[in-house]
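Input: a single structure, listed below in structure tokens.
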């Protein structure tokens, strides 16, 4: 388990404490649980955004799928 020390505004702290208390109750570790959940959700969103960005780049670049060697659909099947 890691330790991170951060400074946040008083209003953000108050909101965090209120929401965390509502979700987890005011017991030992409730702030840590709330912050861990928030960080994991944020990282997940950023990972998804990065994946989407890379996919869009690939679409914009385009890919050479080769040359079609048939002229009609019937040429693909031997019936």
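Laboratory data are not the source of any read-out in this text; all were calculated from the coordinates shown. None of the values given here were measured: they were computed from a predicted structure.
Below is a table of values for the structure above.
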{"read-out": "Computed [θ] at 222 nm, deg cm²/dmol, the chain (DSSP H ≥ 4; -39,500 (n - 2.57); rounded to nearest 500)", "value": "-21000 deg cm²/dmol"}
{"read-out": "Cα convex hull of the chain - mean projected area over all directions, nm²", "value": "12.1 nm²"}
{"read-out": "Compactness of the range 39-79, expressed as Rg and Dmax over alpha-carbon positions, Å", "value": "19.6, 59"}
